[in-house]
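Colleague: Questions regarding the structure given below will be posed in turn.
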Amino acid sequence: MATQLLDDTLGNLACNIPGATRVFHEFHLDFCCGGRKSLRQAAAESGIDAAQVQARLLALDPQGEAEAQWRDAAPAVLIDHLLLRYHAIHRQQLPELIRLAARVEQVHGNRGECPHGLTELLQDMQQELESHMQKEEQVLFPMILRGGGPMAGGPISVMRFEHDQHGDALARLEALTDGIRTPPGACNTWQALYRGLNELRVDLMQHIHLENNLLFPRALGEEVHHG
């Protein structure tokens, strides 16, 4: 079992071990866009001890999370969940984060830790995500609900590519904000902004994970490994 975890992909581990995504967030391992890498490879690239991550995964309570329910959910159920829990939520999150970021940049622009350029990055992310979600809602999801199959291959490869771009945007966001850590003495607005950014990061990674590692392989008729 032990070395098998090291050689399994982050995407499979995230699907099969309840709570694994929480551990990956902690170690800043990308299980959504980088979901095809093995734990061993991903840890080596990040300079992390893979055995330590594995120990945390093995210690998780298998009954502890609700995520397992999505592994075997019918595509229609999973798509409903994606629309309500992620698409709708991102549309609420981003306008508020843009407002808070603009305020922080305006008021604290003279502080060294001020995340200059964050408002613009979030505006770009909002545009990219909106366009991406509309393509899923209007083209890809209806196609999957009609049975998916090989026809879905083209749109899915485009969505995966755009997911990688969202992953790159998250990396830029983390770089601008010192890993989304508020500096000492940050005001309430700054703290609220970074709390919201952390929430967006966790939600967006989970959103991409459910699509890349569960919905898309199933729509294409690929095997989804269950441990």
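Colleague: All but one of (1) outside the structural domain of residue 200 (by TED's automatic domain parsing); (2) of a type outside the set (Val, Ile, Thr); (3) buried (at least 17 other Cβ atoms within 10 Å of the Cβ); (4) not in a helix (DSSP H, G or I) hold for residue 115; which doesn't?
Modeller: Every listed condition holds for residue 115 apart from (1).
Colleague: Sticking with this structure for a sec: State the number of residues belonging to segment 185-195 that are surrounded by fewer than 18 Cβ atoms within 10 Å (Cβ to Cβ) and in contact with a helix residue (DSSP H, G or I) (Cβ under 7 Å, 6 or more places away or on another chain).
Modeller: 2
Colleague: For the structure I just gave you, tell me whether residue 167 is farther than 17 Å from residue 114 by Cα and small (Gly, Ala, Ser).
Modeller: Against the criterion (farther than 17 Å from residue 114 by Cα and small (Gly, Ala, Ser)), residue 167 qualifies.
Colleague: So which helices (runs of 4 or more DSSP H) stay within segment 7-106 end to end and still have 2 or more residues that are over 14 Å from the mean Cα position of the chain (by Cα) and farther than 26 Å from residue 194 by Cα?
Modeller: Hits in segment 7-106: 10-16, 39-46, 50-58, 68-71, 75-82.
Colleague: While we're on this one: What are the residues in segment 1-52 that are in contact with a strand residue (DSSP E or B) (Cβ under 9 Å, 6 or more places away or on another chain), within 25 Å of residue 180 (Cβ to Cβ) and of a type in the set (D, E, K, R), if any?
Modeller: Passing the criteria: only 37.
Colleague: Follow-up question, since we're still on this one. Need pairs with beta-carbon distance below 6 Å; first residue touching a residue at least 12 places away in the same chain (Cβ under 8 Å) and within segment 191-205, second outside any helix (DSSP H, G or I); sequence gap 6+ or separate chains.
Modeller: That search, which allows pairs on different chains as well, returns 194/180; 194/182; 197/180; 198/180; 205/32.
Colleague: Report, ordered by the first and then the second residue, all pairs with beta carbons closer than 6 Å, sequence separation of six or more or different chains, a first member in segment 134-155 that is part of a helix (DSSP H, G or I), and a second member that is among the charged types (D, E, K, R) and surrounded by 11 or more Cβ atoms within 10 Å (Cβ to Cβ).
Modeller: The qualifying pairs do not exist here.
The values are calculated or read from the model by the stated rules, or taken from the named source; none is laboratory data. Predicted model only: the values in this text are computed from it and were never measured. Don't worry about glycine lacking a Cβ; one is built from the backbone with ideal geometry, like all the others, and counts go over all protein chains shown.
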